Amino acid sequence: MLSRSRRRAPREGGSGGVRAVVAGAGLAGLVAADELARAGVEVTVLEARSRMGGRVWSRELPNGAVIEMGAEYILPGNTAVRELADRFGLGLWDKGMRYGWRDPRGGAGTTHEELAAAVAEAERALAARDGTRESCRDFLDSLDIPPGAREAILARVEISCANSADRVAAADLAGVAHIDREPSPSIAGGNQRLALALAAELGDAVRLDSPVEAVAWSGDRVRVATAGAEAEADAAVIAVPASVLDRITFEPPLPEQLRDALAMVEYGHAAKLFVPLAEPAPPSAVMSVPDRYWCWTATGDGDRPQPVVSAFAGSRPALGALGVEHGPDRWLDSLGRLRGDLDLDRDGAVLSTWADDPWVRAAYSTSPPPAVAEAVERPTGPLAFAGEHTAGPHAALMEGAIRSGQRAAGSLLRR
């Protein structure tokens, strides 16, 4: 087991205790480091960015509204993130609106009742085809449901998964297109508060602006190199997206089975737009079916409406149609037509994209095959891998990142 009881001869200038290096200070890496540190392991966390949290990044607009540049919702059944929030005494904001209940507008047209019935039929058919390898598009095309409802479900899938429906596994449909009125809150004051609380526990062990460039490993030793330093340890957790693993040189190379599994991970592309409002608006959730985005107004502190409308667009075609790479103007025009009830402050708009971030190059994983989670279930020598893409049914979520960090740390502690 990797614990303080497993001591080695002291290294030069060191204490001789068991050490671990964690690459990445997103939720997966911070949780893994926290679990190891609480077990008595001396931990160093190396983060490429100049901030903590990875794809969990909260900001406050000049008008006081808190926005989530990345991960936003704590979905029903997401217990790990709630437990961690409780541990640090972080409250939740209910938001007032519901992630699973969006007013569909545009396209062929449908009603809430027709859409709910179509989703229920899709879920029944999915249960009957347990283990199907179909894509969401092929699966939905095989069902006898109204065209307008089918189009709205496809829009919901492509928005939520940030990818085209033919790239999304049908097995994921029940999770991403389910209609309900269950609360889907966020951390009070911003989800990044969770990352900052974990980092505060770790203190000086977290080093920012330190992208990992190389990992040399053997059966029970690892040496991790950044541009300006090296760290030697007994184990390492690699908690960076699979999309940027090619930025790290592994010596020797990772085993072929592991490399092949991680290479299977496909990422979606998404963007978020935040527009201040002249006046706060009641909670709402509206989806533009043809433009493949949804928008919402929500409550914050004290269940008071925040003076901002947030929007999320998913899939490359949607981002292209909205002209995201050229700025927010085309999206703002569309949003103004969709939500004529809101007084938009276009000059204060904030656009959040991730494809241009060199430390992820995308949004989040799309339907990682089971082989990915299976390949990282146990350590590879002294290396364990974490990240939402390794979390099986919880992939693409904060919940998945947290569970993956717990799993990676636990697997090392059991070595």
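The values are calculated or read from the model by the stated rules, or taken from the named source; none is laboratory data. Because the structure is a prediction, the values reported are computed rather than measured. Cβ placement follows ideal geometry from the backbone for every residue including glycine, while neighbour counts extend to all protein chains displayed. The accessibility values were calculated without ligands, DNA or RNA, using every heavy atom of the protein model including side chains. Shrake-Rupley method; radii C 1.70, N 1.55, O 1.52, S 1.80 Å.
Side notes on the structure shown:
- Restricted to region 284-403, the set of helices (runs of 4 or more DSSP H) holding at least 3 residues that are touching a residue at least 12 places away in the same chain (Cβ under 8 Å) and open to solvent by less than 40 Å² (accessible area, probe 1.4 Å) comprises 329-338, 370-376.
- Scan region 104-126 for residues that are closer than 17 Å to Val176 by Cα and touching a helix residue (DSSP H, G or I) at 6+ places or on another chain (Cβ under 8 Å) and the total you get is 9.
- For Ala263, the criteria (1) in contact (Cβ under 8 Å) with a residue 40 or more places away in the chain; (2) over 26 Å from Val18 (Cα atoms); (3) open to solvent by 20 Å² or more (accessible area, probe 1.4 Å) hold in every case but one, which is (1).
- Residue in region 111-132 that is under 26 Å from Thr353 (Cα atoms) and of a type in the set (D, E, K, R) present: no
- Single residue of region 58-73 satisfying the filter (closer than 23 Å to Ala362 by Cβ and of a type in the set (A, V, I, L, M, F, W, C)) that is most open to solvent (accessible area, probe 1.4 Å): Ala71
- Within region 77-105, being free of Cβ contacts under 8 Å to residues at least 24 places away in the same chain and part of a helix (DSSP H, G or I) holds for Arg82, Glu83, Asp86, Arg87.
- Residue match in region 137-151 (condition: open to solvent by 40 Å² or more (accessible area, probe 1.4 Å), of a type in the set (Phe, Trp, Tyr) and over 21 Å from Ala363 (Cα atoms)): no
- Within region 1-9, not a single residue is at pLDDT 95 or above and under 30 Å from the mean Cα position of the chain (by Cα).
- Neighbours by Cβ (under 9 Å, 6+ apart or cross-chain): first from region 131-157, within 15 Å of Ala108 (Cα to Cα); second open to solvent by 50 Å² or more (accessible area, probe 1.4 Å) and of a type in the set (Lys, Arg): Leu154/Arg137
- Residues of region 170-207 that are assigned to a loop (DSSP other than H, G, I, E, B) and open to solvent by less than 60 Å² (accessible area, probe 1.4 Å): Ala177, Ile179, Asp180, Pro183, Ser184, Pro185, Ala188, Gly189, Gly190, Asn191.
- The set of residues in region 88-126 being open to solvent by 30 Å² or more (accessible area, probe 1.4 Å) and under 26 Å from the mean Cα position of the chain (by Cα) consists of Phe88, Gly89, Gly91, Leu92, Trp93, Asp94, Gly96, Arg98, Tyr99, Trp101, Asp103, Glu123.
- Test result for Val240, open to solvent by less than 60 Å² (accessible area, probe 1.4 Å), under 17 Å from Ala33 (Cβ atoms) and assigned to a loop (DSSP other than H, G, I, E, B): yes
Every residue, every condition in (1) open to solvent by 20 Å² or more (accessible area, probe 1.4 Å); (2) assigned to a loop (DSSP other than H, G, I, E, B); (3) free of Cβ contacts under 8 Å to residues at least 12 places away in the same chain, yes or no:
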site	(1), (2), (3)
Thr44	yes, no, no
Ser50	yes, yes, no
Val56	no, yes, no
Leu75	yes, yes, no
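- Flag for Ser160 being farther than 21 Å from Trp294 by Cα and of a type in the set (Gly, Ala, Ser): no
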